[in-house]
1. Give me the distance in nm between label points sitting 7 Å out from Cα along the Cα-to-Cβ direction at A:ASP268 and A:GLU203, one decimal.
2. Stretched out fully, how many nm does the piece from C:GLN146 to C:ARG28 gain, at 0.36 nm a residue minus the Cα gap?
3. Lone cysteines in chain A, defined as no other cysteine's Cβ under 4.7 Å from theirs: which are they?
4. Check each of the trypsin sites (Lys or Arg not before Pro) in segment B:22-122 and keep only those in coil by DSSP with at most 10 other C-beta atoms within 10 angstrom; list them in order.
5. Could you work out the local net charge near C:PHE148, counting Lys and Arg as +1, Asp and Glu as -1, over the other residues with Cβ closer than 11 Å to its Cβ?
6. With a ≥ b ≥ c the root eigenvalues of the C-alpha gyration tensor of the protein assembly as shown, is it rounded (a/c under 1.5), prolate (a/b larger than b/c) or oblate?
7. Explain nothing, just compute: Karplus ³J(HN,Hα) = 6.51 cos²θ - 1.76 cosθ + 1.60, θ = phi - 60°, for every residue of segment A:88-98 in order, whole Hz, x for Gly and Pro.
8. I need B:ASP100, A:ASP230 ordered by Cβ neighbour count within 10 Å, fewest first.
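Values in this text are rule-based calculations from the coordinates and carry no lab data. Please read all numbers here as calculations on a predicted model, not as lab measurements. Here the Cβ is made from the backbone with ideal geometry for all residues, glycine too, and neighbour counts use every protein chain on show.
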Amino acid sequence: MIKHFLSLNSLSTDQIHGLIQRAQFFSRHQKQPDKIHHLLQHKLFANVFYEPSTRTRCSFEVAAKRLGAEIINFVPENSSVKKGETVYDTLKSLESLGVDGIILRHSDDNIFESLSGLNTCPMINAGAGKHEHPSQGLLDLLTLTQEFPKLAGLKIAICGDIKHSRVAGSLMIAAEKFGMEIHLCGPESLIPNINNTFIKCSELDNVLPEVDAVMMLRIQLERHEGLELDQKTYFEQFGLSNHRVSLMKEKSIILHPGPFNRGIEIADEVVEHPRSRIFKQMTNGVFARMAILEWVLSKGNEND
Amino acid sequence: MIKHFLSLNSLSTDQIHGLIQRAQFFSRHQKQPDKIHHLLQHKLFANVFYEPSTRTRCSFEVAAKRLGAEIINFVPENSSVKKGETVYDTLKSLESLGVDGIILRHSDDNIFESLSGLNTCPMINAGAGKHEHPSQGLLDLLTLTQEFPKLAGLKIAICGDIKHSRVAGSLMIAAEKFGMEIHLCGPESLIPNINNTFIKCSELDNVLPEVDAVMMLRIQLERHEGLELDQKTYFEQFGLSNHRVSLMKEKSIILHPGPFNRGIEIADEVVEHPRSRIFKQMTNGVFARMAILEWVLSKGNEND
Amino acid sequence: MIKHFLSLNSLSTDQIHGLIQRAQFFSRHQKQPDKIHHLLQHKLFANVFYEPSTRTRCSFEVAAKRLGAEIINFVPENSSVKKGETVYDTLKSLESLGVDGIILRHSDDNIFESLSGLNTCPMINAGAGKHEHPSQGLLDLLTLTQEFPKLAGLKIAICGDIKHSRVAGSLMIAAEKFGMEIHLCGPESLIPNINNTFIKCSELDNVLPEVDAVMMLRIQLERHEGLELDQKTYFEQFGLSNHRVSLMKEKSIILHPGPFNRGIEIADEVVEHPRSRIFKQMTNGVFARMAILEWVLSKGNEND
């Protein structure tokens, strides 16, 4: 039975809790690498990124190495992709080389459906299309778990280009699973029209005093050409300024998946504000991904 | 005495049999990586690819890692090549860093002659010019060995752009060594004019019912600009369609070095046909290359 | 206390001697990798090169692997840099991933000043701007130490584009520390106007008979556009020809940091002349960098 990690949606809350606890374990043992390093020894992953990425690719690479696994980086630009090979054939080839898992990022929303013929090794979604980035979702849940006694009932604002954000997509899935309340903020044209028990569209300045966390999103200029966005106006309306941070309640935190645009969606001086957990999220990303890599290779069925 | 792996031609049939048997050993032990992982521990290879490649580069990388060796990937585009350094000087520098072997792909037919001054570490040919791709030749022999009781007397059709194919070049060398009969098929302008005891030019449809294996080649559009090739006409005349597969005799197999163009030289549904060993070839490629990496670093003279 | 390796200037001569001796130790044990391989086990470095490099990047990578450490290669072109991320934010992210050291090359002279906020892991200067390349300086000192009984009093000519050479910059710093006499030679427009106890501007042909070593520099065409330099004239005036080598005194040696332009600043046949230590420098580079990587992670204060 192959265990894939494609979406938070297909995992039970128990499974997600299990992954979070395992990530916490890795966090506690970060200063004792020799306690961890044998866990995936002799295992081999392939990092296959069809879109540029610093954080996520390196994060998976560090996670694999911390567990004693090897990882090969496949860079599509330098390869047979130039010769017109399909994603399926490229991945089937990597699978045939005997890798133990494939970590894939791709711009296509439905890339994993097109790869259902690949079934001899686990696939790990490192960001697909505009909807899903489940390892980011897991690290966000880990970060919230470290700050608050329980996830249920937490109020979170997400602000920015939500329509094109797979980070927001995965957090909204998590919110429904764990009973968190999500407030979507940002320019009207960039916010999906959702209104249900868990997810509402709100004004940023209205919800800031109430939320436990605000997740700022990068304006992904490369994804919506043609949109006229004056950066200064954007910052005034939706940017997380020092003034807006002062509206936030005690113990509330600031999140951002990175990379961020200083001075556009977040003020320069807010990035490393005491409330900010932005770089903590990156640290947590390694622990979350260690838990994911270990899980997909663990024995047992998909419900473990 | 440095042992290079540059051409099947310079190896005896005994040496090649020895490499095939060692590759079979690695194949049998693929589920026990700890039995293998110490064999090249603390050894360090450099992967130096002046031409794009998915399969071969990753295959050598996986092979090295399975043996416990380290490998560094040298990507000429990001490097001193931009500053005008010659291949000799780049490789001499890598050699000076203390690597234990250099795995080289280059477009120049005579690249290894130009590197004869490099003689402190083994060189491994990962595809040079239009003529030689000996690790592919070895994996093809391994794949045939797994299917048939002996190599001598096997009939193999090679179909496609044979003039520009180093895969075909290495298979023809192997055929002469092992007494296999090769039939060259494809557009007249892409077939070399060879006719000897082992190698003949033939019509694909005439030989298909007789051959034990058919090796389809990718039409390497990047290598013969100016040739007018209508893809549909090509498929009709030379493509491996389902109908053509039905002409093949019992136990015969389909080979392709990859990457393939579905619908041009091979029908979409033939790629994973029960007769196809295309992805098996890729799996075998790792075992063949493990045998090669171990051999070049083994003590003894070039005849071992 | 974090130990950075940013400049030879901030190290005492005792510290530099300590690093040289440790590099010598690694040189003596190069055939016993298992004696060395445990020293930095489970440590993880990031190689971050904003400028192309073969030698230095691979040299650090080999050095890390020889010590049993892991290394991840961060290639800015394939990453968030495309999304406009600053160097500080990229490195802060890598630091957050838990790497144990960051090896950085960048074109900006003052890049490390801009990164002073990064203080949880050691930074290693792999070449910054036009002034500093301290690991090259260390390997040059190591190479001189292997040839001569002591550094003090050695006379060294540096010839070429000294103004734009960080290699020259680091060697001049070392000269002042160790009491070596440096003679700057080359086209007047490419030589800084320095004249003190240790550093003088001289005519190449005048000093060649007197120096213990001549360090030839590559003409870095990419760094001074607009300069009209006829290659043949340059070679005649400043190139290290066989004739010029014949002027050099007994036991004197030829150095070059590479990559070199054969026939421009150095004659083709001089590159591997018996006096040349050019490829020896590359071999020494690995040992010097092993010493550096070990030092930055060693306990104790910056004076150790």
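1. Reported label-point gap for A:ASP268 and A:GLU203 is 3.0 nm.
2. Contour length minus the Cα-Cα distance gives 41.3 nm.
3. So far as the 4.7 Å Cβ criterion goes, A:CYS58, A:CYS121, A:CYS201 stand without a partner in chain A.
4. B:LYS31
5. +1
6. oblate
7. Along segment A:88-98, the couplings run 4, 5, 4, 6, 4, 5, 4, 4, 5, 5, x Hz.
8. A:ASP230, B:ASP100
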